[in-house]
Amino acid sequence: MSAQRARPARPHTALTDDGRRVREVLTYSRRGARMSDRQAQTWVRRHQEWWIPDDRFDWPGFDVGDHFGREAPLIVEIGSGIGEATAALAAARPSYNVLAFEVWRPGIAETFLRLEASGVQNVRVASVDAVWAMEHLLPEDSLSELWTFFPDPWPKQRHRRRRLVQPGFAGVAASRLRVGGCWRLATDWPEYAEQMRRVLDAEPLLHNLHRSVAPRWTERPLTRFERRGVRAGRPIVDLAYCRQ
């Protein structure tokens, strides 16, 4: 899965001609990186094996399969948080490689703890921008599944352009899925759910597996983000769109 063509710099790494950092609209914000002692110990113990350093993505001929030590069907999760869904779903799919994108370092350490507890070996975590990586590093027809559970809703009107599910990214994501591969999403923000449906219904490479909202995906574990939405009285919406 190597990318041989020239590609633009990763977000937040490009500079203008006069040396100023290029301002970019991203779908996430980086939270604090302070870890608990337990998280820090787990990071030291596992990051060299399970985390792909940011600068590796800049290497010519980057191939995600090299970081798993095997070739296997690839699943991508965008926004893995503390790894509750990641560990459970990857444990049920040992014959797949799972690449999880998460920029919050304490969340990555928590993910490592869950992977250890579950005995999961088929997950690697990346902290680079997932939108950039999907477009420039993952070839078309290369993903078996794509998971996006409870992405940042960016509820304020002025921030909505930062939402992940936008027409441009939907086209990229759809093209990276193999025929029959599904993009599974969940959100607890009804307005964002409607935006997701409008965007994905309009993407010609995708079809809605359930014509409307999907029943809750029973394999997806109940995460703290979902519990928070339920406590707040927000409906949980699952969606499933497959490449046609």
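Coordinate-derived values only; no laboratory data. Remember, predicted model here, so these are calculated numbers, not experimental data. Note that each Cβ is placed from the backbone with ideal geometry, even for glycine, and that neighbours are counted across all protein chains shown.
Numerical summary
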| quantity | calculated |
| --- | --- |
| Kirkwood hydrodynamic radius over Cα pairs of the chain, then Stokes diffusion coefficient at 4 °C and 1.567 mPa s, in µm²/s | 70 |
| Cβ charges +1 (Lys, Arg) and -1 (Asp, Glu), total dipole of the stretch 37-243, debye | 860 |
| DSSP bridge pairs, the chain: antiparallel proportion in percent, nearest 5 | 35 |
| Under 5 Å, built H, 5+ apart or other chain: amide partners of Gly181 | Arg243 |
| Simple spin-label estimate for Arg234 and Arg7 in nanometres, 7 Å along Cα-Cβ | 3.1 |
| Farthest toward positive dipole pole in the stretch 37-243 [+1 Lys/Arg, -1 Asp/Glu at C-beta], among Val120, Gly69, Ser142 | Val120 |
| Relative contact order [Cα under 8 Å, 6+ residues apart], the stretch 37-243, whole percent | 20 |
| Computed helical MRE - 222 nm, the chain, DSSP H runs ≥ 4 contributing -39500 (n - 2.57), nearest 500 | -9000 deg cm²/dmol |
